[in-house]
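Derivation of every value follows stated rules applied to the coordinates shown; laboratory data play no part. If you're wondering where the values come from, they're calculated on a predicted model, not measured in any experiment. All Cβ positions, even for glycine, are placed from backbone atoms using ideal geometry, and neighbour counts span all protein chains on display.
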Amino acid sequence: MTGSSLAIDVSKVHGERQFSQADDVAVEEPLEIQLSSASPGGAAAKSVSITMRTPGNDAELAVGFLFTEAIITNASQISDVTHCGAPAPDSGVRNVIRVQLQPDVEVDLGRLERHFYTTSSCGVCGKASLDALRVTGQRPLTQASTRFPRAAIVQLPERLRERQMVFSKTGGLHAAAAFTPDGEITVVREDVGRHNAVDKVIGALLMANRLPAHELGLLVSGRASFELMQKALVAGLPLLAAVGAPSSLAVTLAKEFDMTLIGFLRRGNFNIYSHAERLA
C-alpha cells in the first residue's frame, strides 16, 4: 500500500482474453474521531464519530467534521490533533485521531448523542433537518456578495480532474475543492466518502483561518446532497457546484439560506437551482 491506493492482482477480461495484472484500488479504512475536553476531574476523551475514509489529511477531516457539526466554532479552540493507538496490523494505518480542546473551551460531551440524533433526521424529515440548522444559529448568506463568472465555472470539472491524483490511478474516489471567483482551485481533497472529502476541504480552510469563506465556492465531484449543502453553509461558502444532480432538500436549503446551487456541471453546461444572481 502506498498512501491512498493499494496495488492488488486482478484477472482482467478483455473480450475473449483473460489475463492477470496489477491494479490500483482506493484504500478504505475506518477512522475513529475522539474529542478530548478538560473537566473538573481531568481530561475526558469521548469517541464522537467513526467514518470509513481514505487515509490522509485525517486531522483536516476530524477538525472539519467537528466544525461542520457545530461542535467547535473556530480553530483557536483546538489545542492539538494527534493520532493515537496502535497501527492497524493489516495496513499499518493509525485509525484513531484525537482532537484536544483548549482548557477554557467547554463542551458537554453528554450532549453529543442528542446532537447526532437530531442531525440524523436528514432524509427522514426535511423540516426537522432545516430546523436543526436554525437551532445551531445558521443564518442566510445574504452578505456573501462574491460573483462567479460563468466562464470560470465551466472550466472547474477539468481543473479538478487534473488535481485528482488518486482518482486517476483508481477511479474510485470522490473529490471536493474550494475555488476562487476566477476558477483557481485553492484546496482539493479526495476520499471514498463525499462528505469526508468536503470535511477535509473545510478543515483545511479552518486551520488556515479562512472561514467563513464568503469569497470562495465549493465544487464536488458527485451529487449535491442536503448534508453537503449544510457543510458549505456552516463554512460560509455561498456557492456549491456539483458535477451530479442535487436532491430536493439540497435545493430547499439553498433557497432558504441564500446559497447558489449548481448541478450537472458537465461539458460546458450546468443547471442553476438557486440564486443565479451570483453568476456574473
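Of Leu101, Leu66, how do they rank once you tally other Cβ atoms within 10 Å and put the fewest first? Don't jump to the answer; show the numbers that get you there.
Details: Leu101 20, Leu66 25.
Ascending number of Cβ neighbours within 10 Å: Leu101, Leu66.
Determine, for Met229, Met207, Met259, the number of other Cβ atoms within 10 Å of each Cβ, and report the residues in order from fewest to most.
Values: Met229 29, Met207 17, Met259 24.
Taking fewest neighbouring Cβ atoms as first place, the list is Met207, Met259, Met229.
Order 232-238, 14-20, 141-147, 188-194 from most to least packed using the mean count of other Cβ atoms within 10 Å.
On the way: 232-238: 26.0, 14-20: 7.3, 141-147: 15.0, 188-194: 23.1.
Ranking, from highest mean packing down: 232-238, 188-194, 141-147, 14-20.
Which of Val25, Asn74, Ala44 sits farthest toward the positive end of the charge dipole of the stretch 19-105, with +1 on the Cβ of Lys and Arg and -1 on the Cβ of Asp and Glu?
Of the listed residues, the answer is Ala44.
Give, rounded to the nearest 20 debye, the magnitude of the charge dipole that the stretch 140-278 has about its Cα centre when Lys and Arg contribute +1 at Cβ and Asp and Glu contribute -1 at Cβ. Mind dumping the intermediate values first?
Working: 16 positive and 12 negative charges, 65 e Å.
That gives the stretch 140-278 a dipole magnitude of about 320 debye.
Return the long-range amide H neighbours of Thr73 (sequence gap of 5 or more, or a different chain), with a cut-off of under 5 Å between placed amide H atoms.
Those lying under 5 Å, H to H, from Thr73: there are none.
With just the Cα atoms defining each centre, how far is the stretch 227-276 from the stretch 37-108? Give it in Å.
If you average the Cα positions of each part, the centres end up 29 Å apart.
Please state the relative contact order of the stretch 140-278 as a whole percent: Cα pairs under 8 Å, 6+ residues apart? Each step should come with its number before you reach the end.
Numbers: 293 pairs, mean separation 31.6, N = 139.
Once divided by the residue count of the stretch 140-278, the mean separation gives 23 percent.
Apply the a/c threshold of 1.5 to the C-alpha gyration tensor of the stretch 140-278 and tell me whether it is rounded, prolate or oblate. Let's see the in-between values first.
Working: a/c = 1.38, a/b = 1.25, b/c = 1.11.
Judged from the Cα gyration tensor, the stretch 140-278 comes out rounded (a/c under 1.5).
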